[in-house]
Amino acid sequence: MTDDELIWRISGGSGDGIASTSQNFAKALMRSGLNVFTHRHYPSRIRGGHTYTEIRASAEPVRSRGDGYNFLLALGDSFARNPQEGAIYGNEEIKPLSENLDELREGGVIVYDEGLLDTDEIPNFEERVEENGWHVYALDLRGLARDMGREIMRNTAGVGVTCALTDMALEHVEDLMRDAMPDKILDPNLEILETAYDQVREEYDVDAPDVSVPTGEHDETQLLMSGSDAIAYGALDEGCRFIAGYPMTPWTEVFTIMSQNLPKLGGISEQVEDEIAAAALAVGASHAGVKAMSGSSGGGFALMSEPLGLAEMTETPVVLIEAMRAGPSTGMPTKPEQSDLEHVLYTSQGDSQRVVLAPGTVAEAYEQSRLAFRLAYEYQIPAILLYDQKLGGELTNVPKSHFDREPNPALGKTLSEDALADEPHSSDGKFHRFQHDVDEGVSPRSIPGQKGGRFLATGNEHGPTGHISESPSNRVAQIDRRLQKLDAIRADLDAEPTGSRAGPDDAEYGILTFGSQQGTVEEAVGRLNDAGYAVKSLGVSDMLPFPTEEVTAFIEGVDEVLVVEMTASGQFRGLIQKNLGQYGERLSSLLKYNGNPFEPGEIVDGFEATIIEGDANAPDQQTTFVPATGD
């Protein structure tokens with residue numbers, strides 16, 4: 001925990017504009033020269049229910065949510081179903097204030113809308129304020145907004161109050177509003193922003209703010225992006241021109257961004273009746289000669305198992321997206337978890353062949369989205385991009401230069417008609433699409449309509465021309481060739497390792513993680529080393545084919561390893577032990593599965609409890625669970 005940062009939480013009801021207000025404020029903080037990182041919590045409803053967004057802003061790089069926060073702007077829930085405590089969901093109207101107090105740091109600031117919230121409804125509120133040294137400001141933001149024309153403008157008033165109390169100039173907020181708002185609503189929003197700001201400056205002594213906005217400066221232009229943005233733009237830059245899908249949280253964000261942009265590039269987006277059709281359309285589009293993708297979350301991806309197997313058998317390149325959420329079944333649709341790992345690795349039929357990548361940061365999501373397409377089309381294999389609601393929805397600043405890369409429309413090992421004439425054909429003229437002896441297991445392919453490129457594509461096992469074959473020798477030859485691709489892909493990936501590292505090379509202890517927990521683990525590693533422990537971390541991004549050599553070297557370089565993941569059953573640890581079973585006794589687990597991502601302090605505490613204070617090799621120390629209560 002540091003004092004040189006603002007961690008601002010805005011809370012209200014789903015539908016109250018919390019997400020859009022926080023996104024605009026985060027962009028204003030970024031434009032002021034700060035690094036930002038957001039964390040969003042929202043219910044599985046269209047409207048109503050407690051939601052908040054947290055913005056962590058610092059002059060130093062930030063790659064994780066913080067431990068708690070220090071400034072609360074509580075707007076209340078204007079869509080509350082029932083304000084009575086006896087209701088099944090409790091008093092929803094007061095929750096944006098009452099449910100955000102446990103994580104507020106000592107000495108923090110509370111601004112609440114007294115036009116909607118009454119602290120008398122919160123047990124022991126005054127005692128808690130005094131005990132924690134909180135600074136409380138009650139303002140009738142709702143009344144002010146109504147007086148000035150529109151109640152939704154209380155969000156803008158709240159931002160004005162925030163700026164006044166933290167000694168932040170309005171310049172960047174006003175500039176952003178001018179860029180984003182049409183003239184019809186710009187002037188009243190500017191007016192209420194300045195009115196709220198001036199009112200606080202006049203009524204309260206804010207010369208020495210309780211919590212202040214730090215100052216910083218960027219060396220280059222920054223972009224505020226989510227993991228969903230990065231995945232979509234990576235796909236577009238790598239030449240994807242077709243997507244099919246069906247909406248499902250949280251995958252919908254990628255689908256929406258792609259659907260908005262593809263028509264501008266001459267591409268096609270199709271919303272279909274279900275996920276089976278979506279994946280099948282993507283496979284068909286790729287077969288026809290276009291870079292294609294589809295995706296879903298949880299149960300929707302389960303329906304894609306059959307078309308996924310078809311793509312593997314026909315060796316049709318395609319990229320699928322799996323946005324994890326807490327399951328099984330519908331589970332908690334808007335809460336992050338990493339427990340679809342085994343589902344994605346093993347769904348489909350038989351000895352399947354696929355690539356699975358799990359990016360850990362927004363910047364890496366762009367890189368691995370492009371990598372997924374490159375691998376899929378160079379090796380004619382399905383590639384799956386696995387991420388979660390945390391990575392998909394969090395916003396952070398990324399240097400614009402990170403995206404200064406050439407586009408890649410190439411379709412991989414696809415033959416021209418001239419080249420096809422020199423390839424093997426059967427006596428009836430069919431092209432040997434599935435040849436046995438080829439480099440890296442990749443048999444050249446043709447596109448439908450090419451002269452000399454005719455072959456049969458079937459889900460059955462087949463011979464070189466695609467006709468069904470149950471010959472034992474052909475079966476072995478085809479399976480061995482397809483599996484050969486994974487060895488070639490692993491060698492390809494080893495040439496430019498993905499994932500992330502932190503901590504000293506000669507550390508005594510190690511932390512392994514995958515996906516969206518990488519940044520949080522790296523911050524925890526920094527704190528642990530500052531506390532005198534020699535710790536390093538490895539964030540793994542390649543799930544399949546597994547980076548055996550890299551992970552082996554990491555484990556062998558330390559005495560004990562803590563595996564951090566958001567699952568209840570230790571799926572990532574299980575994957576490690578499947579590939580490196582001889583090191584099982586060196587591994588311990590730190591698991592969290594209550595619907596909230598890790599905070600750095602939880603990893604620090606879990607490491608000390610499991611590795612330092614406990615015997616990590618004792619059976620009762622093999623797994624440490626983060627308590628399921630609290631945020």
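Multiplying the residue separation of Asn124 and Glu496 by 0.36 nm and removing their Cα-Cα distance gives an extension gain of 128.3 nm. Our helix-only sum for the chain, with -39,500 (n - 2.57) per DSSP H run of n ≥ 4 divided by its residues, gives a mean residue ellipticity at 222 nm of -10500 deg cm²/dmol. Separation of the alpha carbons by more than 25 angstrom is noted, of Lys264/Lys413; Lys291/Lys451; Lys413/Lys578; Lys27/Lys592; Lys413/Lys485; Lys536/Lys592, for Lys264/Lys413; Lys413/Lys578; Lys27/Lys592. A simple charge model with +1 on the Cβ of Lys and Arg, -1 on the Cβ of Asp and Glu and nothing else charged puts the dipole of the chain at about 3060 debye relative to its Cα centre. Of Met293, Met177, Met258, the sequence from fewest to most neighbouring Cβ atoms within 10 angstrom is Met177, Met258, Met293. Working ranking of peptides 308-317, 141-150 by packing, defined as the average number of other Cβ atoms within 10 Å per residue, highest first, is 308-317, 141-150. Summarising the label geometry, the points placed 7 Å from Cα in the beta-carbon direction at Val438 and His467 lie 1.9 nm from one another. Per-residue packing, averaged as other Cβ atoms within 10 Å, sorts the ranges 89-96, 220-227 into the order 89-96, 220-227, beginning with the highest.
Excluding Leu580 itself, what net charge comes from residues whose Cβ is under 12 Å from its Cβ, given Lys and Arg +1 and Asp and Glu -1? Every neighbour counted, the sum reads -1. Ranked for footprinting exposure by Cβ neighbours inside 10 Å, fewest first, Arg63, Arg573 give Arg63, Arg573. For region 89-240, the orientation-averaged shadow of the C-alpha convex hull comes to 13.3 nm² (one quarter of the hull surface).
When Lys and Arg each count +1 and Asp and Glu each count -1, what net charge do the other residues less than 10 Å away from Asn35, Cβ to Cβ, add up to? Residues close to Asn35 contribute a combined charge of 0. Stretching the chain fully between Val272 and Asp480 yields a gain of 71.3 nm (0.36 nm per residue, less the alpha carbon separation). In this label model, Leu265 and Tyr89 are separated by 3.8 nm, measuring between points 7 Å along each Cα→Cβ vector. Taking Cβ atoms as reference points and 12 Å as the exclusive limit, the residues near His172 contribute a net charge of -1, counting Lys and Arg as +1 and Asp and Glu as -1.
For the chain, the antiparallel share of DSSP beta bridges with both residues in that region comes to about 35%. Computed packing ranks the peptides 514-526, 428-440 as 514-526, 428-440, most packed first, by mean other Cβ atoms within 10 Å. Take the Cβ atoms of Ile612 and Glu202, set R0 to 45 Å, and the FRET efficiency comes out at 0.30.
Coordinate-derived values only; no laboratory data. Note that the structure is a prediction, hence the values are computed from the model and not measured. Neighbour counts run over all protein chains shown; Cβ positions are idealised from the backbone, glycine included.
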